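Asks: Sharing a structure with you now.
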Amino acid sequence: MANTSDTASLSDLLPVETDTPEETQAFGAVLAARLGPGDVVALYGDLGAGKTQLVKGVCSALGIRAERVSSPTFNLVHEYAGRDFPVYHFDAYRIRHIDEFFELGYEAYFFGDGLCLIEWPERIEPLLPAETLRLCLLHAGLDRRRILVF
């Protein structure tokens, strides 16, 4: 299992700036090498900040075709079969009450054998494990994005 709670292990990667969606995906692929089963990654950022592009890069590095990856806005979660372990991609944007996430059975995902990547985690913040890796994606002008530990 990767140790995403140790942000020092990411100090050589973050912060980073990207200029295109492809660069954000490429960073996601690099990040994927530091992630593993049992890790939970919360992706904070405004609409269009690159959260889904980052997820595409992580998934691609784990053997999931990037074109299969889309934001699960209306489904809440997409499950992908990675090369070595499952990847669970959440989008909590439409969560109105935290009880909706309980109904989803989030514990089986967060404390299971897969990697969890969560867009709009602020909607479910109280449910995130203490060791969650929190990344913030910020608009830094035009197509530039800045990604940092939050």
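Throughout, read-outs are computed from the coordinates displayed, never taken from laboratory work. All values reported here derive from a predicted model rather than from experimental measurement. So basically every Cβ, Gly included, is an ideal-geometry build from the backbone, and we count neighbours across all protein chains shown.
Asks: Spelling out what I want: for every residue of region 72-80, take phi, set θ = phi - 60°, compute 6.51 cos²θ - 1.76 cosθ + 1.60 (Karplus), and round to whole Hz; glycine and proline get x.
Replies: x, 3, 9, 9, 6, 8, 10, 10, 10
Asks: Another question about this same structure. Once you have the Cα-Cα distance between Phe150 and Glu67, take 0.36 nm times their residue separation minus that, and quote the gain in nm to one decimal.
Replies: Length gained between Phe150 and Glu67: 27.1 nm.
Asks: Using a 7 Å offset from the Cα along the Cα-to-Cβ direction at both Glu22 and Leu47, what is the distance between the two label points in nm, to one decimal?
Replies: Taking the two extended label points, one gets 2.8 nm.
Asks: What is the Å³ per residue value for the convex hull set by the Cα atoms of region 71-150?
Replies: That works out to 121 Å³ per residue.
Asks: Turning to a different aspect of this structure: Give the Kirkwood hydrodynamic radius (Å, one decimal) of the chain, defined as one over the mean of 1/r across all pairs of different Cα atoms.
Replies: Roughly 15.1 Å, rounded to one decimal.
Asks: Mind sorting Glu67, Glu122 by how few other Cβ atoms lie within 10 Å of their own Cβ, fewest first?
Replies: Ascending Cβ contact count within 10 Å gives the list Glu67, Glu122.
Asks: Let me ask something else about it. Which FRET efficiency, nearest 0.05, do His139 and Leu104 yield, Cβ-Cβ r, R0 30 Å?
Replies: E between His139 and Leu104, to the nearest 0.05, is 0.50.
Asks: For Thr24, what charge total do you get from the other residues with a beta carbon under 15 Å from its beta carbon, if Lys and Arg give +1 and Asp and Glu give -1?
Replies: Computed value for this residue: -2.
Asks: Output the relative contact order of the chain, whole-number percent, from Cα pairs under 8 angstrom with separation of 6+ residues.
Replies: Answer for the chain is 33 percent.
Asks: Related question: Please list 3J(HN,Hα) in residue order for region 21-37, calculated via the Karplus relation 6.51 cos²θ - 1.76 cosθ + 1.60 where θ = phi - 60°; whole Hz, with x for glycine and proline.
Replies: x, 5, 5, 5, 5, 4, 5, x, 5, 5, 4, 4, 5, 9, 10, x, x
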